[in-house]
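Comments concern the structure below.
The values are calculated or read from the model by the stated rules, or taken from the named source; none is laboratory data. Small disclaimer: the values here were computed from a predicted structure and weren't measured. As a convention, Cβ positions derive from the backbone with ideal geometry for all residues, glycine included, and neighbour counts pool all protein chains shown. The accessibility values were calculated without ligands, DNA or RNA, using every heavy atom of the protein model including side chains. Shrake-Rupley method; radii C 1.70, N 1.55, O 1.52, S 1.80 Å.
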Amino acid sequence: MESYFPQVPRIAYEGAKSKNPFSFRFYNPDEIIAGKPMREHLRFSLAYWHGMCAGGNDPFGRATMDRSYGASDPMQIARNKAHAAMELMDKLQLDFFCFHDRDIAPEGATLQETNARLDEIGQLLKELSAEHNKRVLWGTANLFDNPRYMHGAGTSCDADVFAFAAAQIKKALELTVMLGGQGYVFWGGREGYETLLNTDMALEQDNMARLMHMAVDYARSIGFKGDFYIEPKPKEPTKHQYDFDASTVLAFLRKYGLDKDFKLNIEANHATLAGHTFQHELCVARINGALGSIDANRGDEQLGWDTDQFPTNVYDTTLCMLEVLRAGGFTNGGLNFDAKLRRASWQGEDLFHALISGMDGFALGLRMALRVLEDGRLDAFVRERYQSFTTGIGADIVAGKTNLQQLEAYALQKGEVAPRQSGRQEYLENILNDILFG
Ligand code: XUL
Ligand code: CO
């Protein structure tokens, strides 16, 4: 069989001392830690769009990477790309992939032609996935690239565009179900506004919810048992995106009665664009029972946009995996590398170095998060910090047994509150470093 990455061997675990750039130093897929294999803890996924399609183009320059897979006809490129994706995933021991409809097959001149193309490549991916033992983590529809979506898709001012978006979602759901997908994502790339001067925000948000309800109804009717996700992002490409951050999305889901079917897909770089840490967004999702899946990447502290870099910051991956462990692990979700190569990293092996860096970054994060839990000092500190809510007046507050009059009487009788505790942030940061590097 033709190889698309002949220069790269299968990547195996060689341990932390290995200097082989084509090896895992921390990711040992079948090693059992905390009761299950690492591959089940992490559920790594290839993002088809970045891994197989993105060519390194930016607003100032054309593509630097060849993504033609030895063909020139767009459908032949799509077929070869599917084979190349399997080779890439096999070599990296990646079990899952995520896709947009437009990543796997090019759009045709009409919706009929586009759908026929999706049928063909969908069937090919189904056969290849069975042969290579690959699974779909989630599917989605690209409702942002085509000019028809310039005003939005589910939030467009044009009802015909809304109908077109609905048709596209219907097909993407069918594909996801056919490929055994465990999730379906709504990322509202153009679901927002450029100026409120031309925007009916109430209608746009109501319509978005209508579209999501239709998607849930249809997906359940064709046997979709997985989770729907909204992927929050505050801006880019629109000035303001409605799915701003985890809290905003949770309020939206509850307002429209979508919270039973939807969870969140939290992306690291989207969190930082919203002015939050990655850990903050994961924590908000977790404490609301809505931590579904993760788009694993990182931003750049000096840049104000979505740089989608591969995640290698071990503090971030550790704190992320702590949230995942505290949530009880993934069910249908996983870690999807929504990350792209830098423009100048244009050679075939660069994609392998990148995915190895992300997979090892998160494998190390998982190992470190487990160490934090085993060590127990951080958890013990937090427990102790809120001790006053476990007895006396604190226990009454938590049990809902108090009112303002009683608390006033209590405070009057106390006279003043003497400070009892220090937040000890620096002490805790020392402990974290001790656990990671000590
Ligand atoms: C864009 C982004 C998307 C979604 C899927 O910022 O993250 O690729 O993950 O549409
Ligand atoms: Co994403």
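Which of the residues that make up segment 151-185 are hydrophobic (A, V, I, L, M, F, W, C) and either part of a loop (DSSP other than H, G, I, E, B) or open to solvent by less than 10 Å² (accessible area, probe 1.4 Å) (or both)?
If the condition is that a residue be hydrophobic (A, V, I, L, M, F, W, C) and either part of a loop (DSSP other than H, G, I, E, B) or open to solvent by less than 10 Å² (accessible area, probe 1.4 Å) (or both), then Ala153, Cys157, Ala165, Ile169, Ala172, Leu173, Leu175, Leu179, Val185 are the ones that fit.
Could you list all residues from segment 38-72 that are farther than 19 Å from Arg102 by Cβ and either part of a helix (DSSP H, G or I) or open to solvent by less than 20 Å² (accessible area, probe 1.4 Å) (or both)?
Matches in segment 38-72: Met38, Arg39, Glu40, His41, Leu42, Phe44, Gly61.
In segment 47-84, which residue that is touching a residue at least 40 places away in the same chain (Cβ under 8 Å), away from ligand 2 (no atom under 16 Å from the Cβ) and of a type in the set (A, V, I, L, M, F, W, C) is nearest to Pro6 (Cα to Cα)?
The extreme case among them is Ala84.
Considering every residue within segment 290-305, establish whether at least one is closer than 20 Å to Asp259 by Cα, part of a loop (DSSP other than H, G, I, E, B), at pLDDT 95 or above and more than 16 Å from ligand 1 (Cβ to nearest atom).
Checked segment 290-305: at least one residue is closer than 20 Å to Asp259 by Cα, part of a loop (DSSP other than H, G, I, E, B), at pLDDT 95 or above and more than 16 Å from ligand 1 (Cβ to nearest atom).
Conditions (1) within 14 Å of ligand 2 (Cβ to nearest atom); (2) within 21 Å of Met359 (Cα to Cα); (3) buried (at least 20 other Cβ atoms within 10 Å of the Cβ), marked per residue:
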residue	(1), (2), (3)
Phe262	no, no, yes
Ala268	yes, yes, yes
Gly289	no, no, no
Ala296	yes, yes, yes
Gly299	yes, yes, yes
Asp308	yes, yes, yes
Thr317	no, yes, yes
Leu325	no, yes, no
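Are any of the residues in segment 236-250 in contact with a Cys (Cβ under 8 Å, 6 or more places away or on another chain), within 15 Å of ligand 1 (Cβ to nearest atom), among the small types (Gly, Ala, Ser) and at pLDDT 95 or above?
Within segment 236-250, not a single residue is in contact with a Cys (Cβ under 8 Å, 6 or more places away or on another chain), within 15 Å of ligand 1 (Cβ to nearest atom), among the small types (Gly, Ala, Ser) and at pLDDT 95 or above.
Can you tell me which residues in segment 194-205 are surrounded by 14 or more Cβ atoms within 10 Å (Cβ to Cβ) and closer than 16 Å to Val249 by Cα?
Glu204, Gln205
I'm trying to understand the selection: among the residues of segment 223-248, which are open to solvent by less than 20 Å² (accessible area, probe 1.4 Å), in contact with a Pro (Cβ under 9 Å, 6 or more places away or on another chain) and not charged (D, E, K, R)?
Gln241, Ala246 - these are the residues of segment 223-248 that are open to solvent by less than 20 Å² (accessible area, probe 1.4 Å), in contact with a Pro (Cβ under 9 Å, 6 or more places away or on another chain) and not charged (D, E, K, R).
Give segment 103-122 a look and list any residue that's under 29 Å from the mean Cα position of the chain (by Cα) and of a type in the set (Ser, Thr, Tyr), or say none.
Residue satisfying the conditions is Thr114 alone.
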